[in-house]
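**Q** There's a structure below that I have some questions on.
All of the numbers you see were taken from the coordinates with simple rules; none came from a lab. These numbers were taken from a predicted model, which means no experiment stands behind them. Ideal geometry is used to build each Cβ from the backbone, glycine not excepted, and the neighbour counts take in all protein chains shown.
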There are 4 protein chains.
Amino acid sequence: MKIFCVAGSLRQGSLNQTLLNYAVQALNDIGVDVVTAPFKDFDLPLYNGDLDTEKTHPENLLKFKNLMADTQASIIVSPEYNHSIPGPVKNLVDWVSRLRPMPWKNREVLLMSASPSMSGGRMGLWQLRIPLTACGAFVFPEMFCLPKAHEAFEGGRLKDAKTAEILHATLKNFVQHLQS
Amino acid sequence: MKIFCVAGSLRQGSLNQTLLNYAVQALNDIGVDVVTAPFKDFDLPLYNGDLDTEKTHPENLLKFKNLMADTQASIIVSPEYNHSIPGPVKNLVDWVSRLRPMPWKNREVLLMSASPSMSGGRMGLWQLRIPLTACGAFVFPEMFCLPKAHEAFEGGRLKDAKTAEILHATLKNFVQHLQS
Amino acid sequence: MKIFCVAGSLRQGSLNQTLLNYAVQALNDIGVDVVTAPFKDFDLPLYNGDLDTEKTHPENLLKFKNLMADTQASIIVSPEYNHSIPGPVKNLVDWVSRLRPMPWKNREVLLMSASPSMSGGRMGLWQLRIPLTACGAFVFPEMFCLPKAHEAFEGGRLKDAKTAEILHATLKNFVQHLQS
Amino acid sequence: MKIFCVAGSLRQGSLNQTLLNYAVQALNDIGVDVVTAPFKDFDLPLYNGDLDTEKTHPENLLKFKNLMADTQASIIVSPEYNHSIPGPVKNLVDWVSRLRPMPWKNREVLLMSASPSMSGGRMGLWQLRIPLTACGAFVFPEMFCLPKAHEAFEGGRLKDAKTAEILHATLKNFVQHLQS
C-alpha cells in the first residue's frame, strides 16, 4: 500500500504542509508507505489550451502523473482561499485532468485542510470535491479539517490530543477502506 | 457608466473571448463604455503567500486593479473546467482578494460563460459566485451561459436569434440594475 | 422600511428562532419595522406538482406571500441540516417559487443561521443562496452565522459582546444597503 | 445483489418515476434485483425536532429504513427544483439521517435525474451529493441526467438510442463497482 500525498501551498512554513508532514508520520506508523514532494515541484504554468498538446505538456505535469501512477491512492491537503479551491490547486487538478488515460478516474482520494479559521477550511474542501468527482475520482466522504491551525502545532505535533485522535481515525478509516 | 470586462481564457481563439467581444459590441450599442484587455495581460504567478507583500505584488495585479478602479462594475466571462472555476481565473480572483481596500468588496459583477457542453458552463459559474460573494461582491443573480459555443458563432455574431436576444436582455437587465 | 423575517425551524425553543427574536429587537432599535410569524404558520404539504394549481395552492402559501408582499426585504434565519438546506425551508422556497409574479424575483434577502457547530451553519447558508439566487433574489453577500449557539444566549441576549457587535453590524450593513 | 430504488417526486406521471421504471427494467435485465416503492409511500411530516424521538418517529420513516436495510445499495432519482434539491427529497434525507445506526453511513448511492431542461437536473444532483456525503454515503461519481425529459420517452422506453446506451452503461458501471 502506497499513498501519494501532496499539500497545495507554495509558501514556506505552510500550515497545510505541516499538517501533511504529521499525517505522513502517522501513516508510516501504521505501515503505510507514502510518496510525496513539496508543492513547488509541481509548479505549472496557468492552464492554457494552446499548451495542451502532448508535445507541450509541462515537465512538472508528467512528474506528478508518474509519482501518482506508482501509488494506489492520494491524499490532498489543500488550503481554502475565499471559501473555495486555491487557484494553484485547481490549476494542478485541471492540468492533470487533460492526460489520457485520465489519472483521476477511479482514484481514491482523501481530502484534508488546515486553516486559521474556525471551520478549518471545510468549505474549500467541499468545492474541491466537485472537479475531482467530475473527473471520476472516489473522494472519501470523511474529510479532516484543522481549525485554528496557526495555534495547533508544537514541534510539528498536534497539541490537542482529541484533534490528533480524530486525524488518526480519519487516516485509519481511509486506509481500511482502501484495503477492503 | 463604464464596465470592466475580461474573459478568463488564455488560448487563442477562445470561445469565451469571442462571447465577450460580442457582448462588448452590444454594450457599446446601448451607450455603455467598456474597459477591457486580453486575459494574458493579467498573467500572474501561481498565488504564493511568500510573494504576497506590497513590495512583491506582481505588476499585472496592479494593472488589473487600476483598470477595475476606473469602472463602476465588472463582467467576467469564464470557461468551466471540470464543472468548476478554471485554475487561472481562481488564481486571479485570489490575488485580487489580497489587495486593500479589497477590490471585490461591493463590486457589481455579471458572470457569463461559453462552453461546447449543453449546459454552457453554468455549473462553473455557480462555483465562481462563491469566492466573489465571500469577498463581498454583489454577483448579479442572472447569468448568461452559451451552450454548444463551438457552433454558436458566425463572423463573430451569434447565429441563433433567440440566444442573442437572451444575451441582450441579460446585459440590459444588468445595466438597468446598475443605474437604479 | 419594513422587513419580513422568518426562522426556518419548527421545534419549540429553536436556536434559530431565538437568534431571530434578538435580531428583530435589534432592528426595532434602529427604527426598522419587522413583520414576522413563527415558522409553523407556514406549514405546507410536501411539494407535489399535482397540488400546484391556483385552486389547490395551500392557504399557508398565500399567507406567506401576502406577508412578504407588504415588505421591502426579507431575513431568513435557517438551520443547517447535514451541511445543507433543511427540507422544510427548501419546501417553502420551492412552493413560493411557483407563484406568479415570482415573489423571490428582485427580492433583497439577508441570510442568518444558528448552530451548535463551530461553523455556525455557514455551509447550509451557502446552499440556500443557490435556489434563492436562481429565483432572482439579491442575496446579500454578508451572512451572519452563530457558532456554538446552544451556549450563546442568556435571557434571550447574546452573551459574547463581540458576537453581538458583528450581528448588529451585519444588520446595519443590510439596512444601509436597502436604503442606498 | 439487491438495490433499493426510489424516485423523489410525488406527482402522478412524474418523469423521474418514468426514468426509474425504465432503469429498474434495465437492472432486472442484467440480473439485479430491485426493491422499490412510490415516493408517496414515504410521505413524511416536515422535519420537526420535537417529533424526533424514538417514540414519535413517523411510521413511513421506519418503512423506508427497513426496505433500505434489506438491500446493498441505493439509487435515488431526484428532480431538480430551483437548481437545488427538492424540499421533499431533502426532508426524507434529513429524517433518515436521524436514525441510529445512521442508514446513509457507508451506503453506496447512484444519483439520477430527469428534467425538461437542457442540463437534465445535474445541478440539483450536485447539491444532493452534499448531505448524503456528509452523512457518510459513498455517492458514485458518475451520475445520469436526462435532459428534455418531457420528450424523451415513448411507451416507457427512451426514444434516443445513444441516451439509452449511456444510461445502461452508468447502471452497469455502478453494479460492477458494487461487485468489485
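**Q** Of the beta bridges DSSP finds with both residues in segment A:2-179, what % are antiparallel, to the nearest 5?
**A** Of those bridges, close to 15 percent are antiparallel.
**Q** Same structure again: If you scale each eigenvalue of the Cα gyration tensor by 5 and take the root, what three semi-axes come out for segment C:39-84, rounded to whole angstrom and sorted largest first?
**A** 21, 18, 9
**Q** Which distances, shortest first and in nm, link B:Lys2 to the matching position in the other copies, using label points set 7 Å out along Cα to C-beta?
**A** Those separations, rounded to one decimal, come out as 4.3, 5.7, 7.1 nm.
**Q** Using θ = phi - 60° and the Karplus relation 6.51 cos²θ - 1.76 cosθ + 1.60, list the HN-Hα couplings for segment C:150-165 in order, rounded to whole Hz, with x at every Gly or Pro.
**A** Listing the rounded values in order: 5, 10, 8, 10, 9, x, x, 9, 6, 5, 8, 5, 5, 4, 4, 4 Hz.
**Q** What gaps in nm, shortest first, separate D:His57 from its twins in the other copies when you place the label 7 Å past Cα toward the beta carbon?
**A** 3.8, 5.0, 5.6
**Q** Going 7 Å from the Cα of A:Glu151 in the Cα-to-Cβ direction, what parts of segment C:146-168 have a backbone nitrogen less than 15 Å from that spot?
**A** Backbone N within reach: none found.
**Q** Hey, could you pull the Cα Rg and Dmax for segment A:1-74, both in Å?
**A** 14.2, 45
**Q** Then there is this: Okay, helix-only estimate at 222 nm for the protein assembly as shown: each DSSP H run of n ≥ 4 adds -39500 (n - 2.57), divide by all residues, round to 500 deg cm²/dmol; what do you get?
**A** Rounded to the nearest 500, the figure is -12000 deg cm²/dmol.
**Q** Moving on. Return the sequence-ordered ³J(HN,Hα) values of segment B:82-92 in whole Hz as given by the Karplus equation 6.51 cos²θ - 1.76 cosθ + 1.60 applied to θ = phi - 60°, using x for Gly and Pro.
**A** Ordered by residue, 3J(HN,Hα) equals 6, 6, 8, 6, x, x, x, 5, 5, 4, 5 Hz.
**Q** In nm, one decimal, shortest first: how far is the label point of B:His150 (7 Å from Cα along Cα to beta carbon) from the matching points in the other copies?
**A** Those separations, rounded to one decimal, come out as 3.0, 4.7, 5.4 nm.
**Q** Another question about this same structure. For the pair B:Ala37 and D:Met118, how long in nm is the line joining their label points, each one 7 Å along Cα→Cβ?
**A** 3.3 nm
**Q** Using amide H atoms built in the peptide plane, which far-off residues or other-chain residues are under 5 Å from B:Val34 H to H?
**A** B:Ile3
**Q** Over all alpha-carbon pairs of segment D:2-179, lay out the pair-distance distribution in 5 Å bins, whole %, shortest bin first.
**A** So the P(r) values, bin by bin, are 1, 8, 18, 22, 22, 16, 8, 3, 1, 0.
**Q** Can I ask one more? Taking Cα pairs under 8 Å and at least six residues apart, what relative contact order does chain A come out at, in percent?
**A** Reported as a whole number, the value is 22 percent.
**Q** Under 10 Å, Cα contacts only: if you run a Gaussian network model on chain A, which one of A:Val32, A:Val89, A:Val109 comes out with the highest mean-square fluctuation?
**A** A:Val32
**Q** Another question about this same structure. How long are the semi-axes of the equivalent ellipsoid of the protein assembly as shown, defined as square roots of 5 times the Cα gyration tensor eigenvalues? Whole Å, largest first.
**A** 34, 33, 29
**Q** While we're on this one: Pick from D:Thr163, D:Thr56, D:Thr18: which residue has the top mean-square fluctuation in a GNM of chain D where Cα pairs under 10 Å get a spring?
**A** Sorting by GNM fluctuation, first place goes to D:Thr56.
**Q** Tell me, what HN-Hα J-couplings in whole Hz come from the Karplus equation 6.51 cos²θ - 1.76 cosθ + 1.60 at θ = phi - 60° for each residue of segment B:32-45, using x for Gly and Pro?
**A** Along segment B:32-45, the couplings run 9, 7, 10, 10, 8, 7, x, 4, 5, 5, 10, 4, 10, x Hz.
**Q** Report the FRET efficiency, 1/(1 + (r/R0)^6), for C:Lys162 and A:Thr163, where r is their Cβ-Cβ distance and R0 is 35 Å, rounded to 0.05.
**A** FRET efficiency, C:Lys162 to A:Thr163: 0.90.
**Q** Now, a different point. Taking the Cα atoms of segment D:89-180, report the difference between the largest and smallest coordinate on each principal axis, in whole Å and largest first.
**A** 43, 31, 21
**Q** Pick out, in residue order, every one of the trypsin sites (Lys or Arg not before Pro) in segment D:98-180 that is DSSP loop and has at most 10 other C-beta atoms within 10 Å; say none if there are none.
**A** Within segment D:98-180, no trypsin sites (Lys or Arg not before Pro) qualify (loop, at most 10 other Cβ atoms within 10 Å).
**Q** Further question: Under the rule of at least 5 residues apart or a separate chain, name every residue whose amide H is placed under 5 Å from the amide H of A:Gly8.
**A** Here A:Val77, A:Ser78 satisfy the definition.
**Q** Something else about it: For A:Glu108, list long-range residues whose amide hydrogen, built 1.01 Å from N in the peptide plane, is under 5 Å from its own amide hydrogen.
**A** Close amide H contacts, sequence-distant or interchain: A:Ser74, A:Phe138.
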